Amino acid sequence: MKLASDEQLREAMGAELVRRRGADFGLNGFVGHVVCASVSRNTVTVRVTVTATEVNSSGTLDEGWTAARADALTGTLISVLSGTIFHTTTSLAVSVQPRPICPPAEIFIELSVDSALQPPSASAVFRDALNPSIVYATASHTKLFKPSLAASL
């Protein structure tokens, strides 16, 4: 389905996140809210409350939590924009900044997809919701469409 408006993208992304919470997509227990979307820019912003369990002993975002969220959220956006779930990760890189975060803290995870690239490439920027100039982490994610996955079903 071709998404015609920002509101359609926001609703599609929100619905897919809810659907994936009940499946094994790395989103079990994840509560995030899609706050804005742009079809023309292939972007979505998700608001998340970071709790103490998402912060490591150094006081920064936990690298594992950050990688899992980057993987799951950018993968979801790629699926929503492409209309298929038959992708596999070829590259995922995460960089957590040495910036302390004090939970509970509201952050925005800004997701974008460059669909001009093949395979599609996505990025995620984890920003402070109150002071968006503060970046806690960044991630890049490349997926490869696998027709064999679709054929096997």
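Please treat every number below as a calculation from the coordinates, not as lab data. Quick caveat: nothing in here was measured; it's all calculated off a predicted structure. Cβ: placed from backbone, ideal geometry, glycine included. Neighbour counts: every protein chain shown.
A value for Rg/Rh (Cα atoms, Kirkwood Rh) was derived from the coordinates, and within the list [x] 1.09; [y] 1.06; [z] 0.96 it appears as [z]. When the label point is put 7 Å from the Cα of R47 along its Cα-to-beta-carbon vector, which residues of the range 97-123 have a backbone N closer than 16 Å? From the range 97-123, the list is 104-111. Taking all Cα pairs closer than 8 Å and separated by 6 or more residues, the relative contact order of the chain comes to 23 percent.
The protection proxy used here, the mean number of other Cβ atoms lying within 10 Å of each residue, ranks peptides 71-82, 31-42, 8-19, 95-106 as follows, highest first: 71-82, 8-19, 31-42, 95-106.
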